[in-house]
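The values are calculated or read from the model by the stated rules, or taken from the named source; none is laboratory data. Model, not experiment: these values are computed from the prediction. Cβ placement follows ideal geometry from the backbone for every residue including glycine, while neighbour counts extend to all protein chains displayed.
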Amino acid sequence: MWIREGECHSCGECCQTVNVTVVRDVTLRQHGTVEELERYLKYRGIQLVGEDVDNNCLFYAIPIACDQLTEDNRCRVHGTPDKPLLCMKYPTEPDGIEQCGYTFRRATVLDRVGS
């Protein structure tokens, strides 16, 4: 579990893709193997970007930018009630975006007791 610290720098980089989490065992039952799934997704412009075997999850990225981004990569609904909850919560763990204003640290036992 991660603890997020910092603040959004409104860089818009996390808004360049649609990120989807799917149930791993169900998906692999349909596709047979991870390799077969990756081939299927590639034909549709979707990338398998990770998996969490312990939590039975696969993670997809679809290169579709949010239509609320302005030409200078700013969010039209940032700081308004129209911003979706998922957008306000994202990211929940490190995602490799260098411009991101959030940093993360592993939760400790003391963090878990305090929540």
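Does G6 meet the test of being small (G, A, S), surrounded by 11 or more Cβ atoms within 10 Å (Cβ to Cβ) and under 18 Å from T92 (Cβ atoms)? It is false that G6 is small (G, A, S), surrounded by 11 or more Cβ atoms within 10 Å (Cβ to Cβ) and under 18 Å from T92 (Cβ atoms).
Under the condition of being outside any strand (DSSP E or B), hydrophobic (A, V, I, L, M, F, W, C) and touching a Gly at 6+ places or on another chain (Cβ under 9 Å), the residues counted in region 65-86 number 2. The one condition from (1) farther than 29 Å from V23 by Cα; (2) part of a strand (DSSP E or B) that R105 does not meet is (1). Return the residue satisfying two criteria in turn: it lies in region 76-90 and is modelled with pLDDT under 90 and surrounded by 10 or more Cβ atoms within 10 Å (Cβ to Cβ), and of such residues it is farthest from the chain's Cα centre (by Cα). Checked region 76-90; the qualifying residue farthest from the chain's Cα centre (by Cα) is G79.
Apart from one condition, N56 fits all of (1) at pLDDT below 95; (2) assigned by TED's automatic domain parsing to the domain that holds D25; (3) surrounded by 12 or more Cβ atoms within 10 Å (Cβ to Cβ); (4) not charged (D, E, K, R); the exception is (1).
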